[in-house]
Protein chains: 2
Amino acid sequence: MSEPGEYSCDMPDEPRWLTDHERDAWLALAKLMFNLPSALDAQLLRDSNLTLFDYFVLSGLSMTPGRTMRLSDLANFVSCSLSRLSNVVKRMEQRGLLRRAPDPESPRYTVATLTDAGWDLVVAAAPGHVAAVRHYVIDGLTPSQIDVLREVACHVTRQIDSAPESARRPQ
Amino acid sequence: MSEPGEYSCDMPDEPRWLTDHERDAWLALAKLMFNLPSALDAQLLRDSNLTLFDYFVLSGLSMTPGRTMRLSDLANFVSCSLSRLSNVVKRMEQRGLLRRAPDPESPRYTVATLTDAGWDLVVAAAPGHVAAVRHYVIDGLTPSQIDVLREVACHVTRQIDSAPESARRPQ
DNA sequence: AGCCTCTGATTCAACCTTGAACCTACATGC
DNA sequence: GCATGTAGGTTCAAGGTTGAATCAGAGGCT
């Protein structure tokens, strides 16, 4: 597989390489993708013993009426696999941050409910986390840059959601 | 630790929460950070049995005169820990994609050199990878959006590089 | 009722990353 | 010369993610 010499047959005749302009933007974004998660993880782990992913899970629950959510909805909210969420939620339950229970409306679902300890932890973690997001991302950008950032990021996630398999052999 | 009620003392009196505008941009960027890496990984793994990180390592070497680089420079180039790079490079050497050798100029360093097989693999992988980057990110953006994307991403990485520990208790 | 299928959720093995500990080679100071 | 310190690189244990396999409940079809 992946023999060179033949990709001029099943690939577009001349692959559309990135221009310098596009390549600079892509490399900068790639560097952001590699480094920003660990920078935010570091702050949260140091100050609250939470990963960024943990924080999103807890804050998703905290914003919900009853502080309760079905695992499948929560997985969709933080856009991760059910398998990963199941593991994370199990650990958080052992830490006493939330409780799992069968959904009273349908035993087919499982709901997670934030405990008081979980609530207190997000509340305590939020200011430091927001400060880090401001420091690394938001502060120093103009409102119009922030606007374009949102447009671009939404565009990317739309592409991913709409065509998860369409990068396959782009004819 | 992380008791609520006291963060009004060692935190700014009123934490500067994100505005709706800022929050929308941040959540969109977060979703991108969570999903784009796996989308690009999926394409590369399916078509070339490489992760995005592998691809960056190989392409870093391929763009260098002699297709050779010191591990510490390479780690800096792909901005990762030496420990992680050491593991990745070891696996790639076992796959025959590159060779390790002591730097002839100073036995203190180790250099990695791309083999012919490694070169062929990046060359074969590049068109599909670039097509995926175009599909998920670049295509559909205007030149000015691409420009702002680069500015924003550079700003973020600058913040991370310049103040790796300054999110600590932002007085 | 019985069968098939789909979705929600969990588990497990394989693999990867992280961070600390460790080793080597060089540089500096006394 | 010798001790100390520092940077490059590797290794190892601990922990997290992935994807496949599995199980249970709900709905549709005959």
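Overview of values
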item	result
Residue tally, condition under 26 Å from A:LEU36 (Cα atoms) and assigned to a loop (DSSP other than H, G, I, E, B), over region B:69-112	4
Matching residues in region A:69-88 - criterion: being surrounded by 16 or more Cβ atoms within 10 Å (Cβ to Cβ), over 19 Å from A:LEU45 (Cβ atoms) and away from DNA strand C (no atom under 11 Å from the Cβ)	A:PHE77
Checklist (1) exposed (fewer than 15 other Cβ atoms within 10 Å of the Cβ); (2) without any contact (Cβ under 8 Å) to a residue 40 or more places away in the chain; (3) in a helix (DSSP H, G or I) applied to B:GLY66, failing item	(2)
Number of the exception - A:ASP54 against (1) out of contact with any strand residue (DSSP E or B) (no Cβ under 7 Å at 6 or more places or on another chain); (2) over 22 Å from A:THR157 (Cα atoms); (3) crowded, with 17+ Cβ neighbours inside 10 Å	(2)
Every pair of residues 6+ apart whose Cβ atoms lie under 6 Å, when the first sits in region B:15-27 and is among the β-branched types (Val, Ile, Thr) while the second is modelled with pLDDT under 95	none
Residue match in region B:122-140 (condition: modelled with pLDDT of 95 or more, in a helix (DSSP H, G or I), surrounded by fewer than 18 Cβ atoms within 10 Å (Cβ to Cβ) and facing chain A (nearest Cβ under 7 Å))	yes
Tally, over region B:94-122, of residues that are of a type in the set (D, E, K, R) and within 11 Å of DNA strand C (Cβ to nearest atom)	4
Test: B:SER72 is more than 14 Å from chain A (Cβ to nearest Cβ) and near DNA strand D (Cβ under 8 Å from one of its atoms)	yes
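The values are calculated or read from the model by the stated rules, or taken from the named source; none is laboratory data. The structure presented is a predicted model; accordingly, all values stated were derived computationally and were not measured. Ideal geometry is used to build each Cβ from the backbone, glycine not excepted, and the neighbour counts take in all protein chains shown.
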